[in-house]
Amino acid sequence: MTDILIIEDNLELAVILGDFLSRDGYTLMHVDSGEKALAYLRENTVKLVLLDICLPGMDGFGVCQTIRATLNIPILIMSAKVEKSDKLAGLELGADDYIEKPFDIDILLAKIKANLRRSYDRKESSKLLIDGNITIDLDATCVYFKSFLLETTIKEYELLKIFLENPGKTLRKEWLFNKVWGVDSFSEPSTLTVHINKLREKIEETPKQPKRIITVWGVGYKYEANQ
């Protein structure tokens, strides 16, 4: 997991930021465009984003809106744009804070700490099931994979929840089917296999060679945690 993703096309500023932040113990990743940032976020978990507005290609406003559509992590905009309309635009698109360039590094550090603390407090108050890059928010009834919201059906959600609650245990097909569909269900037991395969397509790197949801032949399935 990376603490802070710096999205800044000014290499000199990015190096200075990196020096100060690393001294405070943060792990960092720097990219110089919005497109690279979104690609990184698709594969990695990040705690907070530091985002410049004036970027090559997709500007910071577009990046902010795209990130916020699927991620609930703090976004702190740092920009030389000081107009009220720019600040409002950033905040309305989902940024948690806005700091003008040039900025005092101590003020920036204080804002980073405050936003990370608020984010941590929100997560602590909710009920979460976490395994590696999979997070199930039990209060919101949703799944995040590599920090992005994962689209799942109700049955897929219930199956994944059961697996994360029972890591390493071999779960019989009949038990899983009755648990998710109910003993009085008119669905065919084979529907369990269909849903397992669909779930594998969403969380396995190689669905046909699964490393998370393992088939125990003649019995059922076993979930291998933290792959």
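Scan the stretch 60-92 for residues that are within 21 Å of the chain's Cα centre (by Cα), surrounded by fewer than 17 Cβ atoms within 10 Å (Cβ to Cβ) and either hydrophobic (A, V, I, L, M, F, W, C) or outside the structural domain of LYS111 (by TED's automatic domain parsing) (or both) and jot them down.
Within the stretch 60-92, ALA69, LEU91 meet the criteria.
When the residues of the stretch 24-59 are narrowed to those that are among the polar types (S, T, N, Q) and within 26 Å of LEU128 (Cα to Cα), which ends up surrounded by the fewest Cβ atoms within 10 Å (Cβ to Cβ)? Give the steps one after another, and end with the answer.
Start the filter on the stretch 24-59 by keeping residues that are among the polar types (S, T, N, Q), which leaves 27, 33, 44-45.
Now narrow it down to the ones that are within 26 Å of LEU128 (Cα to Cα): 27, 44-45.
Working: THR27: 12, ASN44: 14, THR45: 17.
Checked the stretch 24-59; the qualifying residue surrounded by the fewest Cβ atoms within 10 Å (Cβ to Cβ) is THR27.
Collect the residues in the stretch 196-213 that are of a type in the set (Val, Ile, Thr) and surrounded by 15 or more Cβ atoms within 10 Å (Cβ to Cβ), keeping them in residue-number order.
We begin by selecting, within the stretch 196-213, every residue of a type in the set (Val, Ile, Thr); these are 196, 203, 206, 213.
The answer is ILE196, ILE203, ILE213.
Given the condition surrounded by 14 or more Cβ atoms within 10 Å (Cβ to Cβ), closer than 30 Å to ILE73 by Cβ and without any contact (Cβ under 8 Å) to a residue 12 or more places away in the chain, answer yes or no: does some residue in the stretch 164-184 qualify?
No; the residues of the stretch 164-184 include none that is surrounded by 14 or more Cβ atoms within 10 Å (Cβ to Cβ), closer than 30 Å to ILE73 by Cβ and without any contact (Cβ under 8 Å) to a residue 12 or more places away in the chain.
Answer yes or no as to whether LEU116 is touching a residue at least 12 places away in the same chain (Cβ under 8 Å), touching a strand residue (DSSP E or B) at 6+ places or on another chain (Cβ under 8 Å), within 19 Å of SER22 (Cα to Cα) and not assigned by TED's automatic domain parsing to the domain that holds ILE203.
Numbers: touching a residue at least 12 places away in the same chain (Cβ under 8 Å): yes; touching a strand residue (DSSP E or B) at 6+ places or on another chain (Cβ under 8 Å): yes; within 19 Å of SER22 (Cα to Cα): yes; not assigned by TED's automatic domain parsing to the domain that holds ILE203: yes.
Yes: the conditions hold for LEU116.
When the residues of the stretch 100-115 are filtered to those that are over 14 Å from ALA14 (Cβ atoms) and charged (D, E, K, R), which remaining residue is nearest to the chain's Cα centre (by Cα)?
LYS113
If we scan the stretch 83-96, do we find a residue that is small (Gly, Ala, Ser), farther than 22 Å from SER147 by Cβ and not in a loop (DSSP other than H, G, I, E, B)? Before you say what the answer is, go through the steps one by one.
Restricting attention to the stretch 83-96, the residues satisfying the condition of being small (Gly, Ala, Ser) are 85, 89-90, 94-95.
Retained after the next criterion (residues that are farther than 22 Å from SER147 by Cβ): 85, 89.
Still in the running and not in a loop (DSSP other than H, G, I, E, B): 85, 89.
Taking every residue of the stretch 83-96 in turn, at least one turns out to be small (Gly, Ala, Ser), farther than 22 Å from SER147 by Cβ and not in a loop (DSSP other than H, G, I, E, B).
Between residues in the stretch 58-84 that are farther than 23 Å from ALA110 by Cβ and residues that are of a type in the set (Phe, Trp, Tyr) and not in a loop (DSSP other than H, G, I, E, B), which pairs lie under 6 Å by C-beta distance while being six or more apart or on different chains?
Final answer for the pair search is THR70/PHE148.
May I ask you to verify whether ILE105 is touching a residue at least 40 places away in the same chain (Cβ under 8 Å), β-branched (Val, Ile, Thr) and over 28 Å from CYS142 (Cα atoms)? Steps first, please.
Numbers: touching a residue at least 40 places away in the same chain (Cβ under 8 Å): yes; β-branched (Val, Ile, Thr): yes; over 28 Å from CYS142 (Cα atoms): yes.
Here the answer is yes, as ILE105 does meet what is asked.
Hey, which of the strands (runs of 3 or more DSSP E) in the stretch 1-74, taking only ones fully inside, have at least 3 residues that are under 19 Å from ASP96 (Cβ atoms)?
Numbers: elements: 2-7, 28-31, 46-51.
So the answer is 2-7, 46-51.
The values are calculated or read from the model by the stated rules, or taken from the named source; none is laboratory data. All values derive from a computational prediction rather than experimental measurement. Every residue, glycine as well, gets a Cβ built from its backbone with ideal geometry; the counts of neighbours run over all protein chains shown.
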